[in-house]
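I have placed the structure first, in the form of structure tokens, so that the comments after it can refer back to it.
The values are calculated or read from the model by the stated rules, or taken from the named source; none is laboratory data. This structure is a prediction, so every number in the text was calculated from the model and none was measured. Virtual Cβ from ideal backbone geometry, glycine too; neighbours counted across all protein chains shown. To get the accessible areas, we keep the full protein, side chains included, count just its heavy atoms, and leave off ligands, DNA and RNA. Shrake-Rupley method; radii C 1.70, N 1.55, O 1.52, S 1.80 Å.
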Amino acid sequence: MKFRAEIDIMPLKALLDPQGKTVTQNMTNIGLSEIDNVRIGKHVTLEVEATSKEEAMEKIDLACKKILANPIMESYTYEIFNQA
């Protein structure tokens, strides 16, 4: 079976997000001062072959922990979908 994963990787809330801070500060310049606390992360889409959804989730977790996200600085969440 083939599965598709949509993965969101974000900086940990306890850490500074320089990109997000810069964007937040510039919201006022374009007339959007009501927007605050912008955080910028990554979005990754991938496909995985697995015999079950559980096996696919294990492979996705391993990919996130070993390659896609830095667990010291980032957290991740994902959704998994059956691929037609």
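Odds and ends about this structure:
- Set side by side, the residues LYS13, LYS2 differ, and just one is among the basic types (Lys, Arg) and more than 16 Å from the chain's Cα centre (by Cα), which is LYS2.
- If you filter segment 74-84 down to residues that are surrounded by 13 or more Cβ atoms within 10 Å (Cβ to Cβ) and under 19 Å from ASP17 (Cβ atoms), you find that the one that is nearest to the chain's Cα centre (by Cα) is TYR76.
- Residues located in segment 53-69, provided they are of a type in the set (A, V, I, L, M, F, W, C), assigned to a helix (DSSP H, G or I) and either surrounded by 13 or more Cβ atoms within 10 Å (Cβ to Cβ) or in contact (Cβ under 8 Å) with a residue 12 or more places away in the chain (or both): ALA56, MET57, ILE60, ALA63, CYS64, LEU68
- Hits in segment 10-52 - residues which are open to solvent by 90 Å² or more (accessible area, probe 1.4 Å), in a helix (DSSP H, G or I) and in contact (Cβ under 8 Å) with a residue 12 or more places away in the chain: GLN19, LYS21
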